Structure formats: C-alpha cells, structure tokens
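The next block holds one structure in the form of structure tokens; read it before the comments.
The values are calculated or read from the model by the stated rules, or taken from the named source; none is laboratory data. Treat the numbers as computed from the prediction; the structure is a model and nothing was measured. So basically every Cβ, Gly included, is an ideal-geometry build from the backbone, and we count neighbours across all protein chains shown.
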Amino acid sequence: MIWAGITVALVGALGYAVGAALQQYEVVRGGATLKLVRRPRWFIGGVVGLAGAVLHALALALAPLVIVQPVSVTTLVFAVPLAALLHGRRPSKQEVIGSIAVAGGLLGLMMLIPHDDVRPELSTSAALWFLACVGAVAGICEVAARRFQGPARALVLSIGAGAVTAAVSTFVRVVGGGLEGDLSRLIHWFTLVIPALLLLAIVLLQRSYAVGCFGIAYAGVQVVDPITSIIAGVVLLGEPLPMSTHAAPALLFGAILIAGTVILGRLSPDTAHPHRPPDLPLPVPATPTRAGAR
C-alpha cells in the first residue's frame, strides 16, 4: 500500500505542478480577480491542479503524511522551468540551481523521518486548536503581505497558503486513512472543513502567484506544506519522530534548503508585458511656409 501511495502521489504532484505554472501565467497577466475563471488557460490549470490534488488525497489514504508529502517536493524542479517557458524565456541558471537546492534539501530532510504507517486519529479539541493555529498563521501572513512588495510579498502569502494546504492534507489523511472501507465515516465535520480550507488556500496561492515571482511562491508552499504536515502528523496523529542521530545530515539538508530559497527569492519577477527597448524619437517635420510669407 505504501508504494502505491508513493506512485499516486508522484503522478498527482506532477499534475499539480503543471496546473500551478499555467495558473501563475494567467494570474500575472490578469491579476488575482474573479475574472480569471473566464480565462481558458487558468481554468485548464485549475482542472489539472484539482486532478493532482485528488490523486494526492488518494495517496494520503494509502500512505502516511511523512511519506506522501516529500514526494510532491520533487516537482519543484519541473514547475519553475515550465513557468519560465510559459513566459517566453529560458529558465535562468539561478532558477534551476535554486529549485534543485530547495527540492534536494527538503527531500533530504523528509527522508530522515521514520516511515511507520500509523492509523490517523484526531480528537475534536485537537482539531479545533490546529485550525486556530493555522488561521492565526494565515491572518498574520495576510497582514504582513500588505507591507511588502516583490519576492517578500510572494513568500509571505505562500507561507500562509502552505500552512492552510498542510491543514487540508492533515484532515484528508485523517478522513481517508480512517475510512477502512466504511464510507459512513465520511459523515463528519472534518469532511466539511476540507473544501473550506482548500478554497482559502487557493485564494492565498493565487495572490502569491500574482506578484510574478513563481519560484519563491511555489517553493514557499512546497516547503511550508510538508513541514507543517509532518509537525501535525507527529504532534496530533502520533506519527514517529526522526531519530536524534540524524542531527548532522538534518543541518546539512537544512542549509541547502535555505540557500535555495535565498536564490529563488532574489530573482526578478515576471511581468505581464515583456521588456521592450525604449522607442527612438521620431524626426519632427519642418513646418511648411506659406507662399509669399516673409
């Protein structure tokens, strides 16, 4: 079951990456408004991303959070170059290096966590506290985003989106992993929370994409989502902690992750209109003189 979950998660993550790149291209062109639903490319990106999310949910029902979440990180090396190509340019060396560093660093960190399959159980009180914490993070990010521009704004909004997305993954893991063939267990308020959180995550993510810094926005979500999910898995669901003997490699992978994030954060944003050289001044025609004028 675990290998099936990994395979499904990989296919879903690729779909999510393609959908994210398509949507970011349209958001940069038209802004993060409701008019986006009229743009075919954005709509197609949403459908592809939704298919990826459904596969991700299926993977969470087949394998624990600590295994499924790291798989999605690897798509960063595909999503960022794809977004660059959609904007009519080649991926820069910094984008490629930064994407590989973030993906490699985070994947290394995730692999240090034990992979034991534990049946997820979440009490109502713990779920409410978790939602309150995620809501606080999203609110703080929303307020902070008003004070920033450029990559900093994209990163702050993506942190909020990543925290909310992690909440979605956690509740999907609890609901899906606890079914055990009994569909009647879907009738629970946890099931209703999932679409509400998903809508909030989409709004925050689209606003992050609108800045134009896709690399740092996508990386922010890909970093915050699995880390928050794994913390939730350990604290709330009883999933195992990483062993203390992994401190040295954890520091190394953490340094690689931070370096990649810094590289992506220093990139210039894509804009709706490509840069054009300034127009040359046109010669001013001489004013014709009237016949007989002196």
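Summary table
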| read-out | value |
| --- | --- |
| Those helices (runs of 4 or more DSSP H) lying entirely in segment 1-78 with at least 1 residues more than 16 Å from residue 226 (Cα to Cα) and out of contact with any Cys (no Cβ under 7 Å at 6 or more places or on another chain) | 2-30, 40-62 |
| Residue in segment 22-54 that is farthest from residue 207 (Cα to Cα), counting only those that are in contact (Cβ under 8 Å) with a residue 40 or more places away in the chain and among the polar types (S, T, N, Q) | 23 |
| Residue tally, condition under 27 Å from residue 58 (Cα atoms) and of a type outside the set (A, V, I, L, M, F, W, C), over segment 1-39 | 8 |
| Only one of 153, 119, 173, 207 that is closer than 23 Å to residue 55 by Cβ and assigned to a helix (DSSP H, G or I) | 173 |
| Residue 109, sole failed condition from (1) modelled with pLDDT of 70 or more; (2) in contact with a helix residue (DSSP H, G or I) (Cβ under 8 Å, 6 or more places away or on another chain); (3) surrounded by fewer than 24 Cβ atoms within 10 Å (Cβ to Cβ) | (3) |
